[in-house]
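Just below is one structure, and these are the notes that go with it.
Please treat every number below as a calculation from the coordinates, not as lab data. As the structure is a computational prediction, the values presented were derived from the model and not from experiment. Counting neighbours? That spans all protein chains shown, and the Cβs are built from the backbone with ideal geometry, glycine included.
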Amino acid sequence: MGGTGKQQGMMTRHSKALITTLGGVAAVLLIGLPALSAQTYTVRQGDSAWKIAKRLGVSTATFLAANHLTERSVLHPGQSLVVPERGQAQAGSAPAPGKPTTYTVKRGDTLGAIARRHGLSVAALARENGITNPHRIRAGRTLRMPSASAARGRPAPPNTAGAENASGSALVDTALGYRGVPYRWAGMTTRGMDCSGLVARVLLSHGIRAPHSSRELYKLGTAVSRDQLQAGDLVFFNTRGRGISHVGIYMGDGKFVHASSSGGKVKTDRLDTGYYQRRYVGARRVM
């Protein structure tokens, strides 16, 4: 009996030690995780989509799809992102190489939104389906999703008369995603941005290194005459009487999107009437 009691005491001490050790490990794991709510993740300095996905235990494709991002999307500290459930289907992720899929256009869809949902560029999706005007897609149309290898390797078709720049349309779609963001001088985040901050952020999200200055942005790409403007072209204005001081992204149909100090937010305006028509300086094509 005495031996049995001694053994039970030793087992109790070992059990307590094991519980304490496991509790410490759990605490370390919890401390090691960045600020997470039940459904959101706050981006930290140095984070990337791959790092976050690995930390959350999901695939990068699932994480990108859940947040309507692509591999080129720029993450910013403080940004709040959706945490997909483990094992969640990778709906909207890029198709596997060599296995194209299809998508049926729904009412209200845009080519840019469909491309982002599938982890593709607008240009690749337009090429795959022979679309010359990305602004016009009919509900009910079945689109072919290119494989990853096809999206990378296929050359763009030659432009036809009146054809829109599919890559430029991708810039427009990205810029329109910031509509309503407050104007903030020198800002470049969703908490606030100025005109060049908006344009630089959009370009950076598409892999184009861009300065946070309207005058410096005017040095990018090639000059475009006003009658040759296409979606995605950068349009510049002299609003202060001292040279270039404002920039936006042309959308087509005489409209452009910009961060407006007078309007107090990212919004759209007309290029061909009133205030901006009188102050228009020129345009540059960067894609």
Margin query: Once you place label points 7 Å from the Cα toward the Cβ at K255 and T101, how far apart are they in nm?
Written below: 3.0 nm
Margin query: If I model a spin label as a point 7 Å beyond the Cα along the Cα-Cβ vector, how far apart are those points for H76 and A139 in nm?
Written below: 3.4 nm
Checklist line | In nm, spacing of pseudo-spin labels at Y275 and R240 (7 Å Cα→C-beta vector) | finding: 1.6 nm
Check: Is the shape of the range 172-285 best called rounded, prolate or oblate, per the rule: a/c under 1.5 gives rounded, else a/b larger than b/c gives prolate, else oblate, with a ≥ b ≥ c the square roots of the Cα gyration tensor eigenvalues?
Finding: rounded
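Assign one of three labels to the range 232-287, namely rounded, prolate or oblate, based on the Cα gyration tensor with a ≥ b ≥ c the square roots of its eigenvalues; rounded applies when a/c is under 1.5, prolate when it is not and a/b is larger than b/c, and oblate otherwise. List each step's numbers first, then the result.
Values: a/c = 1.38, a/b = 1.11, b/c = 1.24.
Here the range 232-287 falls in the rounded category.
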